[in-house]
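The structure under discussion appears below in the form of structure tokens.
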Amino acid sequence: MSEEQLNVEDQVNSIAFEVRILESTFNELSSRQSLLERALLENRAAQEALKQLGQEKPEETLLQLGGGILVRSAPPSTEKVLVNVGANVVIEKPKEEAVAILEDRAKEVEKTIVSLIRQRNEVAQRVDADRQALQTLLNRQPQKS
């Protein structure tokens, strides 16, 4: 094998390795995006539930204890709710303030999703460019008979 063929082979191996790393990065970014999209859906559902809370006063509610067990209970007060503010710290807030907190969290998650999409697009462009470079290198190599 000539020195030029070895150099091309090294370039091919290097680019192929980079493509594998970039594909792994792309998949990780996609997983993060999916996780954040699910969190955003949960956040929006909680917002809607909070907004609906207290509009009708039911006579009883069902509380899930776990393991498929429910108990009947008097409906709790809906004027204030408990909000997890991080680090397992829960504070009592008026319902409207809790909705505002959820809206702020949703905005942050949306910004993060947009950032992840931008990063994924950049990685995808690099993968495409590397694949094209790889194809160009392979096309330049003399065919073995």
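Among the residues of segment 119-136, is any within 30 Å of Asn7 (Cα to Cα), surrounded by 14 or more Cβ atoms within 10 Å (Cβ to Cβ), small (Gly, Ala, Ser) and out of contact with any Cys (no Cβ under 7 Å at 6 or more places or on another chain)? The answer is yes, given that some residue of segment 119-136 is within 30 Å of Asn7 (Cα to Cα), surrounded by 14 or more Cβ atoms within 10 Å (Cβ to Cβ), small (Gly, Ala, Ser) and out of contact with any Cys (no Cβ under 7 Å at 6 or more places or on another chain).
Number of residues in segment 90-108 that are surrounded by fewer than 14 Cβ atoms within 10 Å (Cβ to Cβ) and under 19 Å from Arg32 (Cβ atoms) equals 2.
Summed over segment 92-145, the residues that are free of Cβ contacts under 8 Å to residues at least 60 places away in the same chain and of a type in the set (A, V, I, L, M) give a count of 7.
Looking for whichever is of a type in the set (Val, Ile, Thr), over 30 Å from Glu18 (Cα atoms) and part of a helix (DSSP H, G or I) here; the options are Val99, Val127. Which one fits? If you could, list the steps in order and put the result at the bottom.
On the way: Val127 fails: over 30 Å from Glu18 (Cα atoms).
Result of the check over Val99, Val127: Val99.
Taken together, the values in this text are just the output of simple stated rules run on the coordinates, not laboratory data. Just so you know, these numbers come straight off a predicted model, no measurement behind them. Cβ atoms come from the backbone with ideal geometry, glycine included; neighbour counts cover every protein chain shown.
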